[in-house]
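The structure under discussion appears below in the form of C-alpha cells.
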Amino acid sequence: MWKAFGASRQGSSHVGSGTPCQDCHGFKVIAGTGIIATVADGLGSALHADRGAQLAVDGALTYVANVLAAGAPADEASWIQLLKETVQHCRRNLFEYAGQESLPPGNFGTTLIVVIMTETHLALAHIGDGAVVSREDDGALQVLSGGVRGEYANETVPITAFDALERGVFGCFPAPQSIALMTDGLQKLAMNLETLTPFRPFYVPYWKALDSGEASTVLSAQLAEYLDSERFNQVNGTDDDKTILLVGRSRGTGSKEPA
C-alpha cells in the first residue's frame, strides 16, 4: 500500500567545484507495519559530509527496521523514544566510524530527518535544517517540521553536536495522505521561511506523480533529471545540493487536491 520516490542531486556550486553531492535519502517498507523515510544533508564545512549523510541514512533505516520487525510501538511516548534511540544509534555510528578513520567526528557532520509512517501514525525526528510537509486526506498542506537552525545565518545543528537531541524536533501525528521530506536546498522554493507555510504550487506535480500508476524507479529518474536541469536551477535560486523524497499511501485512497 506504500509508494515512495525521490532524488538527491548536486547543487551548481558542487558541480563547479567537483565536490560530490552531500545530500542523501532512503526509504524502506516494513511489511505489515508501514514505511520508513529518511533524508540527510552533510554539512558543507565537514570534510567528509557525503559519507556522514550516507552513514546517517543507512543507520536510521537499519535500526528502525530491526525494531519494527518485532512490532510497532503502542503509544506516542514509545514512538518518540524509538526516534530518540534512532538518532543516538546514528550518532554512535558516526563517532565509531570517525574513530576508525582517526578523524574528528565533526568531519562527518550531517543533519537528519527520520519519518515513520503507518496506517494510523506518523512519527518524526528532525535534527538540523530541512523540512517535512504533509498532505492531508482533504488536500490541506501542513509543515510538520521546519527544522532547527543555529545561532548564525547558514548555521545548522548536526547529529554530531553534543546537544543534538535536546535541540532536535520529535513529534507524533495522525497519519496524513502523504508527505514530502526535503533538505534546505529546496526550502526557499517550497515554503515561506518566515511563516513556515507551504507554497502549494510547488507540491502539486509531486503529489500527482505520487498518485499516478508510474513506477517509483521511473519517477525517481525523472525527478533527478528535473533537479539537474538548468530551468530548475534558475527557478530554485540556490546553488546548494537538493533532495526531495515523497512518501504516501498507494493510489486509490481518495486523495483530493483543492481547486
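From the list Leu94, Leu55, the lone residue that is surrounded by 18 or more Cβ atoms within 10 Å (Cβ to Cβ), more than 20 Å from Glu166 (Cα to Cα) and of a type in the set (A, V, I, L, M) is Leu55.
Applying the set (1) touching a strand residue (DSSP E or B) at 6+ places or on another chain (Cβ under 7 Å); (2) in a helix (DSSP H, G or I); (3) modelled with pLDDT under 95 to Leu189 leaves exactly one unmet item: (1).
Would you check if Ala77 is loosely packed, with under 15 Cβ neighbours inside 10 Å, under 22 Å from Leu189 (Cβ atoms), out of contact with any helix residue (DSSP H, G or I) (no Cβ under 8 Å at 6 or more places or on another chain) and among the aliphatic types (A, V, I, L, M)? Against the criterion (loosely packed, with under 15 Cβ neighbours inside 10 Å, under 22 Å from Leu189 (Cβ atoms), out of contact with any helix residue (DSSP H, G or I) (no Cβ under 8 Å at 6 or more places or on another chain) and among the aliphatic types (A, V, I, L, M)), Ala77 does not qualify.
Yes/no matrix, rows are residues, columns are (1) at positive phi; (2) at pLDDT below 95; (3) out of contact with any helix residue (DSSP H, G or I) (no Cβ under 8 Å at 6 or more places or on another chain):
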site	(1), (2), (3)
Cys172	no, no, no
Pro176	no, no, yes
Leu193	no, yes, no
Trp207	no, no, yes
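From the list Leu55, Leu82, the lone residue that is more than 21 Å from Asp23 (Cα to Cα), among the aliphatic types (A, V, I, L, M) and part of a helix (DSSP H, G or I) is Leu82. Checked against (1) modelled with pLDDT of 95 or more; (2) within 15 Å of the chain's Cα centre (by Cα); (3) among the polar types (S, T, N, Q), Gln22 passes all but a single condition, namely (1).
Tyr203: closer than 23 Å to Ser13 by Cα and either under 16 Å from the mean Cα position of the chain (by Cα) or modelled with pLDDT of 90 or more (or both), yes or no? Let's see the steps before the verdict.
Values: closer than 23 Å to Ser13 by Cα: no; either under 16 Å from the mean Cα position of the chain (by Cα) or modelled with pLDDT of 90 or more (or both): yes.
No, not satisfied.
Whenever a residue of segment 212-233 is closer than 16 Å to Leu245 by Cβ, its partners that are in a helix (DSSP H, G or I), lying with C-beta atoms within less than 6 angstrom and at least six residues away or across chains, give the pairs Leu219/Ala209; Tyr226/Phe232. Within segment 170-214, restricting attention to residues that are in contact with an Asp or Glu (Cβ under 7 Å, 6 or more places away or on another chain) and small (Gly, Ala, Ser), which residue is surrounded by the fewest Cβ atoms within 10 Å (Cβ to Cβ)? Among residues in segment 170-214 that are in contact with an Asp or Glu (Cβ under 7 Å, 6 or more places away or on another chain) and small (Gly, Ala, Ser), the one surrounded by the fewest Cβ atoms within 10 Å (Cβ to Cβ) is Ala175.
Given the criterion part of a strand (DSSP E or B) and in contact (Cβ under 8 Å) with a residue 40 or more places away in the chain, identify the matching residue among Leu122, Leu144.
Values: Leu144 fails: in contact (Cβ under 8 Å) with a residue 40 or more places away in the chain.
That would be Leu122, the only listed residue that is part of a strand (DSSP E or B) and in contact (Cβ under 8 Å) with a residue 40 or more places away in the chain.
Just to verify a result, which residue in segment 74-104, among those that are touching a residue at least 40 places away in the same chain (Cβ under 8 Å) and in contact with a Phe, Trp or Tyr (Cβ under 6 Å, 6 or more places away or on another chain), is nearest to Ile36 (Cα to Cα)? Within segment 74-104, the match that is nearest to Ile36 (Cα to Cα) is Leu83.
The values are calculated or read from the model by the stated rules, or taken from the named source; none is laboratory data. Predicted model, so just to flag it, every value in this text is computed and none were measured. So basically every Cβ, Gly included, is an ideal-geometry build from the backbone, and we count neighbours across all protein chains shown.
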